[in-house]
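Just so it is clear, none of the values below were taken in a lab; they were calculated from the coordinates. Keep in mind that what you see is a predicted model, and the values were worked out from it rather than measured. All Cβ positions, glycine included, derive from the backbone under ideal geometry; neighbour counts span all protein chains shown.
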Amino acid sequence: MQLNPPKNIEAIVPYPPGKPQDELEREYGVRDSIKLASNENAWGPSPKAVAAIADCLSGLHRYPDGSSYYLTQALADWSGAQPAELVLGNGSNEVIEFLIKALVSQGDEVISSHPSFLMYQKFVQVRGGVNRIIELKEMVHDLDAIRRAVTAKTRLIFLDNPNNPTATLIDRPSFDRFIRSLPESVVVVLDEAYVDFVSPEERIEIFDYIRNPEGIPGLVSLRTFSKAFGLAGLRVGFGIMPPELAQLLHRVRQPFNINLPAQIGALAALADLDHYQLTLAETGKGLAWLSEEVAKLGCSPYPSHTNFFLIDVRGDATELYEAMLYKGVIVRSMKAYGYPNFIRITIGTGQENSRFVQALGECLAELAYV
C-alpha cells in the first residue's frame, strides 16, 4: 500500500492519551490508586442520570433524536440561551471542530495561546489552516499580544477561560476592551469548560456580546457536561453563539452526533441541582484545604478558578510524578507545558485529598525538594 497524505495531515502529532489506570497499577506494582490527573468530577455523575441512562438502554436499537430537541430545550432553560443559539457536540471539542470546519480554509489563520487545549491547533492543522500561538504572560492570556497578532487572514481566536492548565481567568474589563478592539470579521471563542466553578460575579456576561453584535466580532461560549456534571464518559458539550453562526455550524454537523444515553443522561443531570451544587461546594472546600496543606509542605499552590490547580514543587515535576505513582497517586507533570517545577492536580474527595497530601509529603522528603 502506498499512501500520499497531504503534508498538513502528515505533520500532525496524534493526541497523547494517558495509560489506563489499571495498566499503571500493574506497571508500578500498586493497588487502589487514585487519579487526580484529568480534571474529572470526583463525586461522579448524578444518580438520577445513571438511573435514566439505565432505563433507556432497551431502546438502543433506535437512532437518537437527531436534533437533541429535549436536551436543547432544557439547556436553553438552564443557560438562558435561546434554542437557536445552541449547538450540541460530542464533547465541546466537537463544537470546536465545527467552528474550524465552517470558518477556516487553507491558509487562514487561527490564534490560540500556549499552553492551552491542544485540540485547537490540531483541528486547524487538519483544515490546512495556520496556527498563530501566543505564549501566556504570567500564566494568563496575553490579550495585547493576541490583538497585535490579528491580520486580515485571522478567522478565529480561542481563549480557554479559565485556562487549562493554569486555572487563571480573564477579568471582565480586560475582555471587554479586547473584543471591542478586534475587527468584526474575527470570531472569538471562549472555551468555558470550567465556568461552573467560577463565581458568578467574575464570569463574562456572554449574552451582552452575543445579542449585541453591532461593531464587534461574533462570540461563542463553549460549555461541557464533563466537569461539574460528571459525565465525561458520555461526551456531551455545547456552544452558545449568535443564531446565524449556529445555523452555519449545523451545516457541518453530522446527524445523530449526540447518542441516546448521552442525551438522556445530560437531560437528567440538568434536573439534579442538588448533585451539581454538591460538586461545586465540595470542590471549593477541597481547593481551600489542599492549598493550605501543600503550602505547609513548602510548596507553592497557584490560585485557581477551576476544579484543579498548579503546585510549584520546588524540583523536577516529572521526577515527582514518577515518585507519586509508586504511592498509587496519579498527578500531571507540567514539564511538557513549559512549567518544569509544577504539577497539576484535580480536587478529589476528602479521602483522596488526604492521601495525596501524605504521598506528596513523603515524595518531597525522598527527593529532597523542600
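Every Cα-Cα pair in the chain was counted, and those over 41 Å apart are 13% of them. Take each peptide in 263-270, 53-60, 348-355, count the other Cβ atoms within 10 Å of every residue, and average; sorted highest first, the result is 263-270, 348-355, 53-60. Using a ≥ b ≥ c from the Cα gyration tensor of the range 177-226 (square roots of the eigenvalues), is it rounded, prolate or oblate, where a/c under 1.5 gives rounded and otherwise the larger of a/b and b/c decides, a/b for prolate? Prolate shape, in that a/c is at least 1.5 and a/b is the bigger ratio. Quick one: helix 243-252 against the long Cα principal axis of the chain, what's the angle to the nearest 10°, folded into 0 to 90? Around 80 degrees separate the two axes.
Pairs of Lys residues in the range 48-270 that lie 8 or more places apart, or on two chains, and have C-alpha atoms under 19 angstrom apart add up to 4. Amide H to amide H, with H built 1.01 Å from N, Arg132 comes under 5 Å of Val110, Ile111, Ser112, counting only residues 5 or more places away or on other chains. To the nearest 10 degrees, how steeply does helix 92-103 sit against the main Cα axis of the chain, on a 0 to 90 scale? Relative to the chain, helix 92-103 is tipped by roughly 40 degrees.
Of the peptides 185-197, 295-307, 276-288, 238-250, the ranking by mean beta-carbon count within 10 Å, highest at the top, reads 185-197, 238-250, 295-307, 276-288. Working note: 222 nm ellipticity from helices only, DSSP H runs with n ≥ 4, each -39,500 (n - 2.57), summed and divided by the residues of the chain, gives -11500 deg cm²/dmol to the nearest 500.
What is the angle, in °, between the Cα long axis of helix 69-79 and the longest principal axis of the Cα atoms in the chain? Nearest 10 is fine, range 0 to 90. With both axes taken from Cα atoms, the answer is about 70 degrees.
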